[in-house]
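Q: This structure is in structure tokens; I'll ask about it shortly.
The values are calculated or read from the model by the stated rules, or taken from the named source; none is laboratory data. All of these numbers come straight from a predicted model, not from anything done at the bench. Glycine gets a Cβ as well: all are built from the backbone with ideal geometry, and neighbour counts include every protein chain shown.
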Amino acid sequence: MKGPVWQSRAKGTAREEFVAFAAGRDVVSLPEADHALTPYDIWTNQAHAIVLREAGVYADAEVKKIIAALNQLENRWAKGEWKLDPRLEDIHINIEAYVTETCGESLGGRLHTGRSRNDQVATDMKLLVRGVVLDFIEESLVLIHALIDHAREHARTVMPGYTHHRKATVTSWGHWCAAYAQGLLRDTQRLQDLYRRIDTCPLGAAASYGTSWPLNRRLAARLLAFAALQENTLDAVSSRGEAEAETVTALGFWLKRLSGLAQDILLFSTEEFGYLGLPADFTTGSSIMPQKRNPDFAEAIKGKLSLVSGYATALWSMNASNLGGYNKDAQWSKYAFQDAAREARGAGTILAEVIRRLEVRREVMESATRTGFLNAVDAADHLARGRNLPFRQAYRIVSEAVGTSRQPYFTLEEFNALLAVQKITPFGVDEFQRISDPVACLLSRNQDGSPSPRHVVRHCGAMEKSVQTHEKWLAGQRGTIRTWRTVCARFDPAIPLDLLAKKLEKDAAGAA
């Protein structure tokens, strides 16, 4: 057996990445928490070595040797040739031991000068969190693109709009999708806002109270591509876990949005609704019932929301009510954050692929709008406007028409009979048809943000411009990080930092 027992089903086989997303941690072991910090700790060490060189701790040739050893270590780590030694307690001592072994005690033994593991791990985590935030912004934008494209395509695809889990009035599938796109733009902005808040460098704070070594903290912040220094050294250490908590909270908002979208897709694709058909390779099967195709992706996203919400609560309360300075409690923020990010990762791209390949059953959706009196508010509005009635009087007439109708929809004869009792001019055939046609009802919703197709399309265009602005910002942040990561890896004392950075940016632009 080379896959799940249901994989032989003729209607399609689920893709490997989808099965992994839905299966979670059932048969997959997790790497050590410090495994994810390895490239960031290497970068932090390179930046610190450059700062130590400016402080006179290292000579030019010595800092080049340190950086070369760290580059070698990163290559070995990327190939799986270097593993963390648990006897050395954490990533920081593992890397220091490697540099000492490679370069000798005279160089490796000075690498921790003016530094504590307190500010070192705080910096590593800031770098990790910053990267995670950018990854989720990118993932969110992918989903927004899919929703905007889908909304445009289905701006005239009428369907019931719901309140209280009951059919309420006429809307469109395009309007429904645009609503989620708008919400996701807000979630994306929330991530971008918090990125600006957390983009500050703790390095150089030492244990919490600075150091007597003349270290240039602003240079360290620049080398690590931070926008600013987290200036007060006590706050730089004591606030560990704050960026993690804020990010996981924002991911909770994001997953809540995705969970709502997933639930709608789940419900609308049931046989009872039949509005949507799911792509076969994004569903799983049953180990006992051969006919089943299950929307595991949707249920997995809802389960992940619950878990991430729990991690957010843990992070809020972690390290609380402690005396200022470093406390061991903060270490567990590393685990909660990484677990939360791992659970949330991939939910947006999975949903984007599902959206792109959904079968939208227009006929079923439109048929559902023709029963249940979904044009009741349109009829009341038309009476109030066309017969110059107070809206509440028109409301009562339509309410009575619903209560006395022998069909699950209005008929011209029954409606006009009620109007005759009220001595109100009856509807003509064409007039009645206009308030009975779901597309006509849709077209009449003619204000900004409404389900009217032209407003949906216009709104999609505006949202697309916002997406492009976010994408430009995202590319700029990634470019800055890439440039300064490379500056540290290729540091040459003979070349001014700004000159090297500009050369790298020019090379990157040429390659693009």
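Q: Out of the residues in the stretch 469-506 that are in contact (Cβ under 8 Å) with a residue 60 or more places away in the chain and β-branched (Val, Ile, Thr), which is nearest to Gln72 (Cα to Cα)?
A: Among them, the one singled out is Val487.
Q: Report whether or not Leu315 is in the same structural domain as Ala178 (by TED's automatic domain parsing), within 19 Å of Ala22 (Cβ to Cβ) and surrounded by 20 or more Cβ atoms within 10 Å (Cβ to Cβ).
A: no
Q: Report, by residue number, each residue of the stretch 4-53 that is at pLDDT 70 or above, surrounded by fewer than 13 Cβ atoms within 10 Å (Cβ to Cβ) and of a type in the set (Ser, Thr, Tyr).
A: Within the stretch 4-53, just Ser29 meets the criteria.
Q: Based on what the data block shows, is Lys328 of a type in the set (D, E, K, R) and touching a Leu at 6+ places or on another chain (Cβ under 7 Å)?
A: Here the answer is no, as Lys328 does not meet what is asked.
Q: Continuing with this model, one more query. For the stretch 71-85, which residues satisfy the criterion of being in contact (Cβ under 8 Å) with a residue 40 or more places away in the chain and in contact with an Asp or Glu (Cβ under 9 Å, 6 or more places away or on another chain)?
A: Residue satisfying the conditions is Leu84 alone.
Q: Starting from residues that are of a type in the set (D, E, K, R) and assigned to a loop (DSSP other than H, G, I, E, B), keep the ones in the stretch 25-66 and report whichever is farthest from Trp484 (Cα to Cα).
A: Filtering first and then ranking leaves Asp26.
Q: Which members of the stretch 225-244 meet the condition of being of a type in the set (A, V, I, L, M, F, W, C), in a helix (DSSP H, G or I) and buried (at least 24 other Cβ atoms within 10 Å of the Cβ)?
A: Residues satisfying the conditions are Ala236, Val237, Ala243.
Q: Take the residues in the stretch 133-184 that are farther than 22 Å from Ala440 by Cβ and of a type in the set (D, E, K, R); name whichever of them is nearest to the chain's Cα centre (by Cα).
A: Checking each candidate, the answer is Glu139.
Q: Let me ask you something else. Hey, could you check the stretch 123-165 for residues that are closer than 28 Å to Glu242 by Cβ and among the basic types (Lys, Arg) and say which is surrounded by the fewest Cβ atoms within 10 Å (Cβ to Cβ)?
A: Arg130
Q: While we're on this one: Helices (runs of 4 or more DSSP H) wholly in the stretch 90-201 with at least 1 residues that are touching a strand residue (DSSP E or B) at 6+ places or on another chain (Cβ under 8 Å) - which ones?
A: Hits in the stretch 90-201: 117-153, 173-198.
Q: Working carefully through the options Ala347, Ala394, find the one that is within 30 Å of Leu134 (Cβ to Cβ) and of a type outside the set (Val, Ile, Thr).
A: Selected residue: Ala347, the only one of Ala347, Ala394 that is within 30 Å of Leu134 (Cβ to Cβ) and of a type outside the set (Val, Ile, Thr).
Q: Another question, then. How about the stretch 324-350: which of its residues are in a loop (DSSP other than H, G, I, E, B) and over 27 Å from Gly260 (Cα atoms)?
A: Passing the criteria: Gly324, Gly325, Tyr326, Asn327.
Listed here are the residues, each with its yes/no results for (1) closer than 18 Å to Val360 by Cβ; (2) out of contact with any Lys or Arg (no Cβ under 8 Å at 6 or more places or on another chain).
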{"site": "Ile137", "(1), (2)": "no, yes"}
{"site": "Val142", "(1), (2)": "no, yes"}
{"site": "His150", "(1), (2)": "yes, no"}
{"site": "Thr157", "(1), (2)": "yes, no"}
{"site": "Pro160", "(1), (2)": "yes, no"}
{"site": "His164", "(1), (2)": "no, yes"}
{"site": "Ala168", "(1), (2)": "no, yes"}
{"site": "His175", "(1), (2)": "yes, yes"}
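Q: Hey, can you tell me all the residues within the stretch 194-219 that are within 14 Å of Glu231 (Cβ to Cβ) and either out of contact with any helix residue (DSSP H, G or I) (no Cβ under 9 Å at 6 or more places or on another chain) or basic (Lys, Arg) (or both)?
A: Result: Arg217, Arg218.
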